[in-house]
Amino acid sequence: MSGEKLMPTKTHPEFWNERWTKSEIGFHQSNNHKYLEKHLSKLLSNQNKMRILFPFCGKAVDMAWLASLGHEVVGVEFVQMACEQFFSENNIKYSVKDLKDLKLFTSEDGRIKLYNGDFFKFNSELEKPFECVWDRGAYGALHLDLRIKYAEHMKNLLSPSVRYLLDVFEYDTSLFPGPPHSCPQEEIKHHFGSEFQIELLESEKTISLNQKLTEANQPLDKLYFLSRK
């Protein structure tokens, strides 16, 4: 990659809250993610009734799908509107409980729990360690300083046998400042490689973020599979 890097957009939680308020949520998909469907058996290790963590879950329809298959879904989302819209748009009855630092939205059948608030206040006192993670854009939603913090916090939420699907974009940062932020493989290895084996499962040209990237045949949508060493 060539050229001088642009200053990355600072994507604090309030940045995303404003995006939801303005309905600027082009990142939301109305269908299940194709990577999750394709690699679900790898994520779940062909097991039933698994607990799956969705960091920065938004109103992802994949959560309702996995719950319908008998799995338990736990999402964490800063924007309250996103949690409310998930349940209303999927016609799922729910209750809301105020916790110390977060709100907890729980489906009537108990299979879906969405913790609304600061991801860094979500911890192992609230939920036991997770064996499955679907990280679609959560890591890459943050600028670098917060990605470092995110990786360290995430490690504390995971079981020794965790299976982690990490979906990120990679592109020339001299052409686009993010978000979504570019997350090169070297960075992922630096933040996770000491504890995890990292396998690249997918890499393909994806949506247009701007004209310059499109002309450069970028960005690449990359899917990694992480497992403990």
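With K and R counted +1 and D and E -1, the other residues having a Cβ less than 10 Å from that of F86 yield a net charge of -2. Per residue, the average separation of C-alpha pairs within less than 8 Å and at least 6 apart gives the stretch 176-229 a relative contact order of 40 percent. Between S30 and L99, the distance separating the two model label sites (each 7 Å from Cα on the Cα→Cβ line) works out to 3.3 nm.
Inter-label distance, K189 to Q80: 4.5 nm, where each label sits 7 Å from its Cα along the C-beta direction. If the limit is 32 Å between Cα atoms, which of K113/K212; K49/K222; K59/K155 go over it? Where the Cα-Cα span goes over 32 Å, the pairs concerned are K113/K212. To the nearest 10 degrees, how steep is helix 144-155 against the longest Cα principal axis of the chain, on a 0 to 90 scale? Long axis of 144-155 versus the principal axis of the chain: about 40 degrees.
Helical content of the chain, expressed as a calculated mean residue ellipticity at 222 nm, amounts to -7000 deg cm²/dmol (DSSP H runs of 4 or more residues, -39,500 (n - 2.57) each, divided by residue number, nearest 500).
Across the stretch 67-82, coupling constants 3J(HN,Hα) worked out from phi with the 6.51/-1.76/1.60 Karplus curve, θ = phi - 60°, read 5, 5, 8, x, 8, 9, 10, 10, x, 10, 8, 6, 8, 4, 4, 5 Hz, and Gly and Pro carry x.
For the stretch 127-136, putting each phi into the Karplus relation 6.51 cos²θ - 1.76 cosθ + 1.60 with θ = phi - 60° gives couplings of 9, 5, x, 8, 9, 9, 9, 10, 10, 9 Hz, in residue order, rounded to whole numbers and with x for Gly and Pro. For the options L36, L209, L53, a Gaussian network treatment of the chain with springs between C-alpha atoms closer than 10 Å singles out L209 as fluctuating the most. Take every DSSP beta bridge whose two residues both sit in the stretch 106-229; close to 70 percent of them are antiparallel.
Take every Cα pair under 8 Å whose residues are at least 6 apart in sequence, average their separation, divide by the length of the chain, and the relative contact order is 20 percent. Taking Cβ atoms as reference points and 12 Å as the exclusive limit, the residues near P129 contribute a net charge of +1, counting Lys and Arg as +1 and Asp and Glu as -1. Taking each residue as 0.36 nm, the span from S161 to E37 lengthens on full extension beyond its C-alpha to C-alpha distance by 42.5 nm.
Subtracting the Cα-Cα distance of I198 and Q211 from 0.36 nm times their residue separation leaves 1.5 nm of extension gain. Taking one quarter of the surface of the C-alpha convex hull of the stretch 30-149 gives a mean projected area of 7.5 nm².
We did not get these values from a lab; they are worked out from the coordinates using the rules stated. Since the structure is predicted, the reported quantities are computational estimates derived from the model, not experimental observations. Quick reminder, even Gly has a Cβ in these numbers, built from the backbone with ideal geometry, and neighbours come from all protein chains shown.
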